[in-house]
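What follows is a short report on a single structure.
The values are calculated or read from the model by the stated rules, or taken from the named source; none is laboratory data. Given the structure is predicted, the values throughout are model-derived calculations rather than measurements. Note: ideal-geometry Cβ built from the backbone for every residue, glycine included; neighbour counts use all protein chains shown. Note: areas computed on protein heavy atoms with side chains; ligands, DNA, RNA excluded. Shrake-Rupley method; radii C 1.70, N 1.55, O 1.52, S 1.80 Å.
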Amino acid sequence: MSNAAIAMHGEAAVTPTALSWNFIHWGLGLFVTGFLVGFIPILHYIVGGIGANVGPEFLKVMTLWWGCPAILTELTLKTGGLGMIAIGLCYLAIARQGASPNISRHERLAPMLCAYGLTAELVCAGVGYVICSYFWPHFYFAATPAGKNLWLAAQGLCIVVYVVGACYAFAGIRRASGQFR
């Protein structure tokens, strides 16, 4: 089928190289974003230390990600970004070995699922924190189960979107790497 015919049916031809750079581009951006989000806990500690408002109630719930709600987002963005870079490098290796350029529909969706999952996790963590704080003031530090569970479940769903994209890519990498055995 020609590229024009493929484009008319809404499926653009994708090469392993183009797919790899898509993963690497998004992965690097999200990894750097994770480092920027990492400054939130640092500021949190500085403000908390200056205020010296460390009472027994706070120390009881402090083990929840070292007392800062941004830790889950930071670690998810860093780990997910590195995962996307690794997936992109695998696709580059496959292209270099001359594997068949047959990219499945799921593989075409994989970089966007991964990128949207991580981006949604970032937005969900920030906006979700503000919304949950509106309905359950201090839900995070007072360990209010309803607010905490809702906030974490929403972030968990975003992470699941990333994992589905990573699984699609992994299946494609396994399929393509099977040609070299």
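Counting Lys and Arg as +1 and Asp and Glu as -1, what is the net charge of the other residues whose Cβ lies under 13 Å from the Cβ of Cys114? Overall, the nearby charge balance is -1. Taking 0.36 nm per residue of separation and subtracting the Cα-Cα distance, full extension of the segment from Arg175 to Leu28 would add 50.4 nm. Charge tally around Ala171: other residues with Cβ under 13 Å, Lys/Arg +1 each, Asp/Glu -1 each, net +3. Shown for the stretch 107-181: the carbon plus sulfur share of the solvent-accessible area, taken with all protein chains present and a 1.4 angstrom probe, equals 75%. Computed packing ranks the peptides 160-172, 138-150 as 160-172, 138-150, most packed first, by mean other Cβ atoms within 10 Å. Under the criterion of Cα pairs below 8 Å and six or more residues apart, the relative contact order for the stretch 87-181 equals 47 percent. Modelled spin-label separation between Leu36 and Leu75, with each label point placed 7 Å from Cα along the Cα-to-Cβ direction: 2.3 nm.
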